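Only the coordinates and a few stated rules stand behind these numbers; no lab work does. For clarity, every value in this text was computed on a predicted model and none was experimentally measured. Note: ideal-geometry Cβ built from the backbone for every residue, glycine included; neighbour counts use all protein chains shown.
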Amino acid sequence: MRNRTQIRTGITAMVIAASLTSLTACGAGSRTGAEDATAVECDYTMPEGETTVNVLAYNSSAIDPFTNTMVKSCTRENVTLKHDPIDFSGQVTKTTATLSGDTGSYDILETYGFAVPEIASAGSIVPLDDFVAEYGEKYELDALNEGMRSALSYDGKLYALPMQAQMYVMAYRQDIFDELDLTAPESFEDMIAAAEAIREQGDIEYPIALPMSATADVSTIYQAAMNSTGTDFLDAGEPQFTSDGSREALEGLKSLLPYMDPEVTTFDQPSVQQQMFNGNAAMAIMFSGRMNDLTLESNSPNFDKFGFAAPPSLAADAPYLFSRLSVDGWAIPENTQLDKDMLFQMIASSVGEDASNASVPAAYPAREGIVTDESSAYAVAANETIAATMPAPNDPFSAPVTNAIRPVLVEVLLGQTEVEDGMQEMQRLAEETVSGS
Amino acid sequence: MMPSTATAPATRVVVPAPKRRRRRANPTAAILLILLAVLMLAPFIWTALSVTKPTDVAFANPPVLSGYTPTLEAFKNLWETTYFAEYLVNTAVVAVISTVVALVLGIPAAYALSRFPGYVSAILLLLALVFRSLPRFAVVLPMYDISRALGIYDTNFALAAALVAINQPFSIWLLRNFFAEIPKELDEAAMIDGCTRWGTLRRIMIPLMRPGILTAGVFVFLFAFQEYLTALVLTDTASKTVPVFITTQLGQTLPMLQQAGAAAMLLTLPVIAISFIAQKYLVAGLSDGSVKG
Amino acid sequence: MRRREFASFIGPSLLVMVGLLVLPLIRTVQWSFQEVNYGQAGTFIGLSNYTQALGDPRFGRAVFFTLLLTAIVTALILVVGYLVAIGVNGLGKLRPYILGSMLVAYVLPGVVGAVSFSWLFNSNFGGVLNLVIERLTGQELLWFTDTWPNRVMIIAHTVWHLLPFSVLMILAGLQGVPKELREAARIDGANALKMHLWVIIPTMRGIIGFVCLITIMDVLRTFDSLIPLSPQADAIGNESIMFYVFDNAFRDGSQQLGLGSAVNVLSILLILICLFPFIRDLLKEAKAKA
């Protein structure tokens, strides 16, 4: 009994401390973002000369706490960690650029499960297993979730140190749902029914919001829809774009389009947040790392009206949810000129216990035992999602295939190409990419 | 001002005093022009409004136009939490250095082109025209490759050098037309007095050319200050410029989006000041050089 | 001026241009025949980059859109620029303020201006112009995803950005038109129009040609403004040639560097064709002088 109270007090204190930290750290780049960030021990061997460590990591309220902790804790004496604020698409471009030559601009990279196999198989980032063996105890790396470690592994080796997982979560307007006596939708059909009811009521013309930006997010959305049927882009290296799962996914997404803003193909995740902030949409599905922003009073007059749920499935009988699980982690580029031992200790310290605690509620840290159902407004939803997301191992060809099919996918969704033709075309492009011709 | 097609008579026209024009100012035209000027300023004004609103209403739809307390929070955050000062210094240093170097190299070249008649000059001017029109990527992507190989990628030096080369054709063109305005007899007189060509250029021509050089300088500076593409490709962390920074912020969430707007404001204010101060000289300077081809 | 003097005056500048423009250009031409990555020696693959580019419908769309944009914007800039310059020239005390405010659009860095411009139209981010236009016309236009509204917005932005330069130039040119001509043009009515068309404009042929030339050059290389203004440019046929190069040769890494270079070479040819009349005039003039 006593024990439980203590735990509860502990959790409450932690949540309060964490929300304070995340509130103050919110929206900050890392120059003084670092000043109010958590300080942890970062105990590397001091190099002799003045050293600048360039960190490439996009900004979001889920990534920032880890970046800020690292920048603050590891900058001392001769060593300065430098992190320029950058958006996600900037990170993608910079990653390719910095890894492409004998030398690069960045020494520590933020990366994620989808991207790891491609750059790991190209030898662009270094395997971390030896470092883990050496420093595992010092930084308690055993506590990093096993599944998340394997999501960042390729060919049996760990290529990035997991900091957190992100999964799709649905945010919806609790007030509107209550008023119309709706419950969180469990399938696309439910979603459409809810959308019609909301539209009927008159205030919101386009109740559904998904990030479907034609140059990036749209392929993740498609993959999530396919995963809900139990298929993935590639099955043991074989493209699956002509499968039934692919067709259902495309048709399912097309059925949602009339309830989404007509400009949805230009919306990235911040644009979707904006729809929710402005009260122009009533249901949004995006990665969990974007959820905490919705609950901040400084961002929106609607901050206290959101409810969170696991995303729906494509169809009521679908095996999995409409979701993707993405694990974010830190990687070290092969072409850095700096001491990799030092860099590893930096990233290890930023995924430590204190740093992980400080990232709640904005993030879902990789360290075991940090997230409980009480950690954040969306924690229950996040835990439910994880349990019902299709495990979809990534392949070195996942990223190039995705880039290759994206324009056709957009044509299909915009109605410029028929579903069947689009599927054939995507299959052809994917096969070409896989065979390397 | 074109070296090419002008056929205007070579008479020097004195700019009429504004007084005489005012008499005939047409009120309808004036009102239309004021409207146009406001319209031209609209994007700037709108951004200024957006970044001084509190975050929760900054990008509200429909827009919130009143009933909020303006705040400079975005500017404060920009200054305190990003390396904005560093980006601004990079932008300014590169713009100033490349302008000075472009003028130092361009003035003698333009002078020579205006004094050396015949095919060689015409071909060189034509080349300048072609260089000015090159698709930027055709030179910038190889520069990216070369600068990485030489280890000067992501330095202010590499960016300034690239901008000198890229802006050189325009400045030579403009300056060459100003020099063409100055009678050759002046050079001859100076040389009879014992000046060398360089001496003539330094002692006689440059002082005479001040408005022209100012005009060319203002243009080259503005081009360099605005440059996005070259800076995007040739810089990364160490010499990032403000325009590059702003575009990497477009996919950010609210507070940082406002900071990007604030950065745009801070980058723009000095050039707006320049444009208000310089416009009088620009018209005068350009008309000196341009009336005759 | 003696030959040696000429060489010493022009040498440094020429050296910079050869070193930093011609050499890179040669590299681009080399790459266009190769399959190549940054920092590596390429393999010669003949004309396949060119055939790939010319066979790529996306490239065709980019060329079409770029030429369309250039034609419309250049025409608008010349006409509006001339009218505004005439108007500004007739202003008294107001002139510096009007001219100064107009120049703001020109001195704003292109991409910054485009971001501001996109905020004016973006309903999701509380744009005001889309709202005004919606109220006036009763139609909800999709400024970012419908081809023509998006084109109108891109055209408006490009004109907005480049107009001040042409006004400034034409205004400067007007100062060189003999006073009697300008006085005569102020008489109202049809005579004024004739006066402008047949007398004043021909007098300023040089300057108008120059404005035309610069505008064509600047619009042909439209690139950065599309990042905020047309986020799905290719999907709606509003991608420019330079954007196509960027996407293939830089954004997604360097796999397509050869293709991008081939497109660069092709666009140089295209630009030379567009500029041919001006080049011919220049050569004629040189011949006359020689």
- Query: For chain B, what mean projected area does the convex hull of the alpha carbons give, in nm²?
  - Reply: 20.9
- Task: Provide the FRET efficiency to the nearest 0.05 for the A:ARG76-B:ALA273 pair, computing r from the beta carbons and using R0 = 45 Å.
- Result: 0.65
- With point charges of +1 on the Cβ of Lys and Arg and -1 on the Cβ of Asp and Glu, referenced to the Cα centre of region C:64-240, which listed residue (C:THR215, C:LEU69, C:ILE170) lies farthest in the positive direction of the dipole? C:ILE170
- Message: Could you work out the relative contact order of chain A? I mean the mean sequence separation of Cα pairs under 8 Å and 6+ apart, divided by the number of residues, in percent.
- Response: 25
- A correct fewest-to-most ranking of A:TYR106, B:TYR119, A:TYR135, B:TYR87 by other Cβ atoms within 10 Å would be B:TYR119, A:TYR135, B:TYR87, A:TYR106
- Cα→Cβ-extended label distance, 7 Å offset, between A:PHE303 and A:ASP373, nm: 2.7
- Item | Ratio of Rg to Rh over chain A (Cα coordinates, Kirkwood Rh, two decimals) | 0.97
- Task: Kindly write out, for region A:309-316 in residue order, the coupling ³J(HN,Hα) from the Karplus curve 6.51 cos²θ - 1.76 cosθ + 1.60 (θ = phi - 60°), rounded to whole Hz, with x marking Gly and Pro.
- Result: 8, 5, x, x, 9, 4, 9, 4
- Give the residues of region B:225-257 whose amide nitrogen is closer than 16 Å to a point set 7 Å from the Cα of B:ILE152 in the direction of its Cβ. B:231, B:234-236, B:239
- Note on the structure: Long-range amide H partners of A:PHE306, meaning residues 5 or more apart or on another chain whose placed amide H is closer than 5 Å, are A:GLN174
- Highest GNM mean-square fluctuation among B:ILE31, B:ILE97, B:ILE107, for chain B with Cα springs under 10 Å, belongs to B:ILE31
- Task: Just need the relative contact order of region C:64-240 here, percent rounded to a whole number, with Cα pairs under 8 Å and 6+ apart.
- Result: 37
- Query: Under a 5 Å amide H to amide H cut-off, with H placed in plane at 1.01 Å, what residues pair with A:ALA388 once short-range neighbours are removed?
  - Reply: none
- Message: Given points 7 Å out from each Cα along the Cα-Cβ axis, report the B:ARG203 to C:ILE273 separation in nanometres with one decimal.
- Response: 5.5
- Item | Distance between modelled label sites at C:ALA192 and C:GLN139, nm, 7 Å Cα→Cβ extension | 3.3
- Query: Which of the GluC sites (Glu not before Pro) found in region A:377-437 are in a DSSP loop and have at most 14 neighbouring Cβ atoms, other than their own, within 10 Å?
  - Reply: A:GLU418
- Item | Residue-by-residue Karplus 3J(HN,Hα) for region A:122-135, coefficients 6.51, -1.76, 1.60, Hz, glycine and proline x | 7, x, 7, 10, 8, x, 9, 4, 5, 5, 4, 4, 6, 10
- Query: Where the Cα atoms of region A:132-205 are projected onto their three principal axes, how long is each span, largest first, in whole Å?
  - Reply: 61, 25, 18
- Item | Within chain B: Cβ-based charge dipole about Cα centre, in debye rounded to nearest 20 (Lys, Arg +1; Asp, Glu -1) | 1320
- Message: I'd like to verify something in chain B: which complete DSSP H helices, judged by Cα projection on the helix axis, reach 30 Å or more and average at least 0.5 on the Kyte-Doolittle scale?
- Response: B:27-51, B:84-115, B:156-181, B:254-290
- Between C:SER230 and residues 5 or more places away or on another chain, which pairs have amide H atoms under 5 Å apart, with H built 1.01 Å from N, and which residues are they? none
- Item | Total formal charge among the other residues, if their Cβ is under 14 angstrom from that of A:PHE66, Lys/Arg +1 and Asp/Glu -1 | -3
- On average over all directions, what projected area in square nanometres does region B:27-71 have, based on the convex hull of its Cα atoms? 4.0
- Task: Sorted from largest down, give the three principal axis spans of the alpha carbons of the protein assembly as shown, whole angstrom values.
- Result: 105, 64, 53
- Please find the FRET efficiency linking A:ALA316 to C:ASP146, where r is the Cβ-Cβ separation and R0 is fixed at 45 Å, and quote it to the nearest 0.05. 0.80
- Query: Cα-Cα over 21 Å: which of A:LYS72/A:LYS138; A:LYS94/A:LYS138; A:LYS72/B:LYS53?
  - Reply: A:LYS94/A:LYS138; A:LYS72/B:LYS53
- Query: Given that compact globular proteins tend to follow 2.2 N^0.38 Å, what is the ratio of the alpha-carbon Rg of region C:64-240 to that value?
  - Reply: 1.15
- Query: Each residue of region C:43-56 in order: what ³J(HN,Hα) in whole Hz does its phi give by Karplus 6.51 cos²θ - 1.76 cosθ + 1.60, θ = phi - 60°, with x for Gly and Pro?
  - Reply: 10, 5, 10, x, 8, 4, 4, 5, 5, 4, 4, 5, x, 8
